[in-house]
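Below is one structure, written out as structure tokens, with a few remarks after it.
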Amino acid sequence: MFEVRFHGRGGQGAVMAAQTLAEAAVIEGRHAHAFPFFGAERRGAPVMAFARIDDEKISIKSQVYEPDLLVVLDESLIDIEPVARGLKKDGKAVVNTRKSPQEIDLGVEVECATVNANAIALEFLKAPIVNTAILGAVARITDLVSIGSMKQAIENRFGEKFGEAAARINIGAAEAAYEQASVGLCQGRRPLVIKREWLPDWRDIPIGNSLSAGIKDGVMVGPGGARQNLTGSWRMQTPHYDQEKCVRCLRCWFTCPEGCIKREDDDHVRWDLNYCKGCGICSQVCPVTAIDMIKGGSR
């Protein structure tokens, strides 16, 4: 699995960049998903976005803590927060800056692509929205997706939302950044102040049946709280349980966010498919592959 973390500021298009990268991977026949993380939701505030790409189905839903690729849309963020925290030793980075890779200090020495995405965005878009320019540099430094697939994803996403002319302009920005990006090793002298972070595994996430549901102001809260709604009706994949493989560790029961996995007397399990959303977490935590996610929402 290849994981990407974007650091930017509100208004620069970090979320759209992550979504477009994921779409480019899908165009190439791979599995991908992208999602944002917002603090203060205002223009200029630091934001993060994440993307995951794999040849297999992706069930992990957490933020990206140890990225293979770091993308920094605003150079000033490097002095504000340890953007390179968790970046793998063999990882790569892309930074929007006028500087060369050798002049950038991320606190870890990795292969880095730098590009003046601000100048390119102003030239093509007449606005400091640097997401498509930075994606051109992403295609330059990694073979994760080709520049052709990236351009197609930009055309699909921006053309649908803003029109054909906007798609063409954004593709131009990506092409320019692809050609202008410089690649080299960045510096690793900056001390990274690593905040203590909670990196949970299945034993540390009591989000399923181990929590008790209750009634608050007449509304049921807790796992599976929306019992009046058949939330399983929009499921796109369904768990298939192989009882013979099951070792009855109950990890699936423990982590089901909807509380729709029921324990039998012998500690085997069953699913209430009226409420199973097909998230795949049960399959992800199963240590013996006794749960497969099958395409389709049949009961």
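The values are calculated or read from the model by the stated rules, or taken from the named source; none is laboratory data. Keep in mind the model is a prediction, meaning the values are calculated, not measured. Note that we place each Cβ from the backbone using ideal geometry, even for glycine, and neighbour counts take in every protein chain shown.
Name every residue in the range 245-257 that is out of contact with any Asp or Glu (no Cβ under 7 Å at 6 or more places or on another chain) and without any contact (Cβ under 8 Å) to a residue 40 or more places away in the chain, in order of residue number.
Selection gives 249, 252.
Looking at (1) more than 26 Å from residue 192 (Cα to Cα); (2) touching a residue at least 12 places away in the same chain (Cβ under 8 Å); (3) among the hydrophobic types (A, V, I, L, M, F, W, C), which is the only condition residue 94 fails?
(1)
Kindly establish whether residue 174 is crowded, with 22+ Cβ neighbours inside 10 Å and in contact with a Phe, Trp or Tyr (Cβ under 8 Å, 6 or more places away or on another chain).
Working: crowded, with 22+ Cβ neighbours inside 10 Å: yes; in contact with a Phe, Trp or Tyr (Cβ under 8 Å, 6 or more places away or on another chain): no.
Against the criterion (crowded, with 22+ Cβ neighbours inside 10 Å and in contact with a Phe, Trp or Tyr (Cβ under 8 Å, 6 or more places away or on another chain)), residue 174 does not qualify.
Quickly run through the range 253-277 and pick out the residues that are buried (at least 21 other Cβ atoms within 10 Å of the Cβ) and in a loop (DSSP other than H, G, I, E, B).
Correct list: 256, 258, 259, 260, 275, 276.
So if I check each of 27, 53, which one is at pLDDT 95 or above and either touching a Ser or Thr at 6+ places or on another chain (Cβ under 7 Å) or outside the structural domain of residue 70 (by TED's automatic domain parsing) (or both)?
Values: 53 fails: either touching a Ser or Thr at 6+ places or on another chain (Cβ under 7 Å) or outside the structural domain of residue 70 (by TED's automatic domain parsing) (or both).
Exactly one of 27, 53 is at pLDDT 95 or above and either touching a Ser or Thr at 6+ places or on another chain (Cβ under 7 Å) or outside the structural domain of residue 70 (by TED's automatic domain parsing) (or both), namely 27.
Out of the residues in the range 45-79 that are more than 20 Å from residue 136 (Cα to Cα), within 14 Å of the chain's Cα centre (by Cα) and of a type in the set (A, V, I, L, M), which is surrounded by the fewest Cβ atoms within 10 Å (Cβ to Cβ)?
60
Which ones in the range 2-20 are at negative phi and not in a helix (DSSP H, G or I)?
Across the range 2-20, the qualifying residues are 2, 3, 4, 5, 6, 7, 8, 9, 10, 12.
Would you confirm, using the coordinates I've provided, whether residue 63 is closer than 19 Å to residue 13 by Cα and either outside the structural domain of residue 10 (by TED's automatic domain parsing) or polar (S, T, N, Q) (or both)?
Considered against the rule, which asks whether it is closer than 19 Å to residue 13 by Cα and either outside the structural domain of residue 10 (by TED's automatic domain parsing) or polar (S, T, N, Q) (or both), residue 63 comes out as yes.
Residues are listed down the side, and each one gets a yes or a no for (1) of a type in the set (Phe, Trp, Tyr); (2) surrounded by fewer than 18 Cβ atoms within 10 Å (Cβ to Cβ):
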| site | (1), (2) |
| --- | --- |
| 90 | no, yes |
| 103 | no, yes |
| 145 | no, no |
| 158 | yes, no |
| 182 | no, yes |
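Can you tell me which condition residue 295 does not meet? The list is (1) at pLDDT 90 or above; (2) touching a strand residue (DSSP E or B) at 6+ places or on another chain (Cβ under 8 Å), and all the others hold.
The failed condition is (1).
Okay, residues lined up against (1) without any contact (Cβ under 8 Å) to a residue 24 or more places away in the chain; (2) outside any strand (DSSP E or B); (3) within 22 Å of residue 237 (Cα to Cα):
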position	(1), (2), (3)
25	no, yes, yes
33	no, no, yes
36	yes, no, no
48	no, no, no
60	no, yes, yes
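Restricting the search to the range 80-105, which residues are small (Gly, Ala, Ser) and either part of a loop (DSSP other than H, G, I, E, B) or at pLDDT below 95 (or both)?
Hits for the range 80-105 are 84, 86, 91, 100.
Go through 84, 93, 139 for me and flag whichever is small (Gly, Ala, Ser) and either in contact with a Cys (Cβ under 6 Å, 6 or more places away or on another chain) or outside the structural domain of residue 10 (by TED's automatic domain parsing) (or both).
93
Under 9 Å between Cβ atoms, at least 6 apart or on separate chains: pull out the pairs that start in the range 137-148 with a residue that is on the phi < 0 side of the Ramachandran plot and end on any residue that is in a loop (DSSP other than H, G, I, E, B) and of a type in the set (Val, Ile, Thr).
These pairs meet every condition: 138/145; 139/145.
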